[in-house]
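Please treat every number below as a calculation from the coordinates, not as lab data. Keep in mind that this is a model prediction, so the values were computed, not measured. Because the Cβ atoms are built from the backbone with ideal geometry, glycine has one as well, and the counts that use them run over all protein chains shown.
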Protein chains: 2
Amino acid sequence: MTADITTGLELRSLIKSSGELEISLQQVTIPAPGPDEIVVRVEASPINPSDLGLLLGAADPATAKVTGSGASAVVTARVAEANLKAMGGRLDESMAVGNEGAGTVVKAGSSEAAQALLGKTVAMIGGAMYAQYRVIKAKEVLLLPDGTTAEAGASCFVNPLTSLGMTETMRREGHKALVHTAAASNLGQMLNKICQKDGIDLVNIVRSEAQEKILRDIGAKYVVNTTAPGFFEDLVAALEATGATIAFDATGGGKLQGQILHAMEAAAVKAMKVYSRYGSTTHKQVYVYGRLEPRPIELSPPGMAWGMGGWLLFPFLQKIGKDDAAKLRARVVAELKTTFASHYTKTISLQDVLNLDNLRAYAKRATGEKYLINPNLPG
Amino acid sequence: MTADITTGLELRSLIKSSGELEISLQQVTIPAPGPDEIVVRVEASPINPSDLGLLLGAADPATAKVTGSGASAVVTARVAEANLKAMGGRLDESMAVGNEGAGTVVKAGSSEAAQALLGKTVAMIGGAMYAQYRVIKAKEVLLLPDGTTAEAGASCFVNPLTSLGMTETMRREGHKALVHTAAASNLGQMLNKICQKDGIDLVNIVRSEAQEKILRDIGAKYVVNTTAPGFFEDLVAALEATGATIAFDATGGGKLQGQILHAMEAAAVKAMKVYSRYGSTTHKQVYVYGRLEPRPIELSPPGMAWGMGGWLLFPFLQKIGKDDAAKLRARVVAELKTTFASHYTKTISLQDVLNLDNLRAYAKRATGEKYLINPNLPG
């Protein structure tokens, strides 16, 4: 029966030069797999913050409207003129969405590697996962252990490899502890589990007491709250206690990045014996990997031994090379039900993605809430 | 006669916890040199921007007063309460000043290396050069070729090694051209000479037509003016023409750093064939090595492949190692009269440093103006 698969639904996001976002489902052709390729029936694909950037662009969810219904529904929303420029490269081009997912291999090319996967559950990364079927090279997928469901394997890549990438980067760049912002997120909770397991000190920065509690409840030792009156002093104290000199920041705006660097410098200067007008020689680093805060970053240079920069999973994996990247992936599979377990608020169909109540809920990126799409769930 | 040298004048800068800056000359003891040491009669030491930070601290030159005269003169000035915190490490400690200088070796320890330098002209770096005599290890000085004056050798280190450090950093980090801000400075002009000699494309950023002219007159090809109406477009065009993806910034504040990164990104995106919501994969880097602009740095992340950080000469020299650092110093000596020639507006005595007209002039850090101290000039 599966040999008959020739078309399937795929979610598309289009931003027109007129400033209109259009999200729709397209019936697309599923080509026969090449010798080294397989066709995966996608059964679980998460909506990560990094997916929302492509799905919604800079559109305002409050302006969203829907026309039609079922697989023919079309969501439209407005992109403000000021934000349209940043969308330049994708205007008038229909984009497939969905970074990662998991499912069952339903067709396989003639190669041995492809044939070996037939009927197996595999995890994938590479875009266009919000679709009923995904054609992909056999060597690119991650074979999940027997008995693992697609749901359990849907988030094997983005959050697990990003959080492992943070502790790896910390080690490779010679730091001994780290700081994380927006720390109560799914990713942040995972990072806490990794650090607890590996004996790494982690300073969690959150912005509410509720988030503080989430992290304390999973055993976090250092949690500082930006809205508490003694925030800066609390942060310096945690940095002195841990010796953390590298931070990963999900917000990408405002004064927090500078506060972290200055708190690191204050902790380093306290340990100095001789004055230098250049400050400490301890290198202090902040990597920005997200953009939750649209304001510009504002910082005064914290001495001279500091760095700030963008951090992104794929360039990191390229930099460490195939063998080391494979080791990280193997650890994810080995600890899929413990360290790297993901929890979802709701599982929805492709059609449900176009439902306005759902859209406004997942667009909020609320802490601890996460949607899973099953593209083969009946609409 | 020189065997009698046991004391000498040394300039000192003191910031009291009360917020008062005090600059004075102290009669200090010149210890007999150890076996590996020499005593240098300092005959030329420049006032670099990096010296002013230690000499004046955060004091306001407009509040400066002088009491006493000659070698007994004392300059006082106020440090605003708000700036006193940043001076924390040096409060109530009398600091010697002067990063680099040159002079004649008048006493030498018993070792062969020390004895070999007796009577020679040497260049030095290491602080406390605003003094009649400086005791230093023989192996730390740079022997100047016969016939080189102390004045010609006074600025062998800070500007020459900093500008060479920029092109070296550019090469080592895989960039092919570079950007420099406050580009009409002494350092900036030196960087133009290096780049012209070495065939490196350099984008000079200045903020006036007069500075544009200074650079055009010495053969600079790419000069963009922040005050010109088409500044950003001019910058993008120069970056496209040169392929520069690394910048060295002397200002350390405001929006310029972000503008440079965004212009680099705009130039990189123009060359991209496929849209990515993360922007280009070209790494764009700004190093901040000065602080002419007291405002905070303000930037929106320019895609994900970017970095910003502090850059300082000594950590750079340590990083490249002794052998490579020695090669850079050898080049400076070889090209001391051409590429690395420094020009001074005025030569003054130690006593003249305490003269208020001089102080207000050198404190201005005016483009193209540079003071040289000869601590052995009669007051």
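Here are the numbers for the structure shown:
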quantity	calculated
Max mean-square fluctuation residue, GNM over chain B, Cα-Cα springs under 10 Å, options B:A138, B:A44, B:A334	B:A334
Calculated over the stretch B:243-326: convex hull of Cα atoms, volume per residue (Å³)	106
Distance from the stretch B:1-47 to the stretch A:128-192 (C-alpha centre basis), Å	60
Simple spin-label estimate for B:A341 and A:A228 in nanometres, 7 Å along Cα-Cβ	6.3
Mean shadow area of the stretch A:85-148, taken as a quarter of the surface of its Cα convex hull (nm²)	5.6
Extent along principal axes [Cα atoms of the stretch B:1-57; Å; largest to smallest]	42, 24, 20
Ratio Rg/Rh, restricted to the stretch A:45-97 and using Cα atoms, in which Rh is the Kirkwood radius	0.97
Computed over the stretch A:177-254, Cα set: Rg, Dmax in Å	11.3, 32
Average partner coverage of B:43-54, which counts Cβ from other chains inside 10 Å	1
Average beta carbon contacts from partner chains per residue of A:310-319, 10 Å cutoff	3
Whole-Å semi-axes of the ellipsoid equivalent to the stretch A:119-268 (Cα gyration tensor, √5λ, descending)	34, 16, 14
Value of D in µm² per second that Stokes-Einstein yields for the protein assembly as shown, Kirkwood Rh from Cα pairs, at 10 °C (1.306 mPa s)	54
Along principal axes, Cα extents of chain A, largest first, whole Å	76, 48, 36
Too-long pairs where the Cα-Cα distance tops 20 Å, listed order kept, from A:K107/A:K137; A:K284/B:K322; A:K284/B:K319; A:K270/B:K255; B:K176/B:K221	A:K284/B:K322; A:K270/B:K255
For peptides B:182-188, B:194-200, A:372-378, sequence by mean Cβ density within 10 Å, most packed first	B:182-188, A:372-378, B:194-200
Position A:T227, label points 7 Å along Cα→Cβ, spacing to each other copy in nm (shortest first, one decimal)	4.6
Mean shadow area of the stretch A:188-327 over all directions, Cα convex hull, nm²	9.7
Cα-based equivalent ellipsoid of the stretch A:27-161: semi-axis lengths in Å, sorted from largest, via gyration tensor	32, 16, 14
Where Rh is the Kirkwood radius over Cα pairs, Rg/Rh for the stretch B:1-102	1.03
Directionally averaged shadow of the stretch B:264-379, computed from the convex hull of its alpha-carbon atoms, nm²	12.1
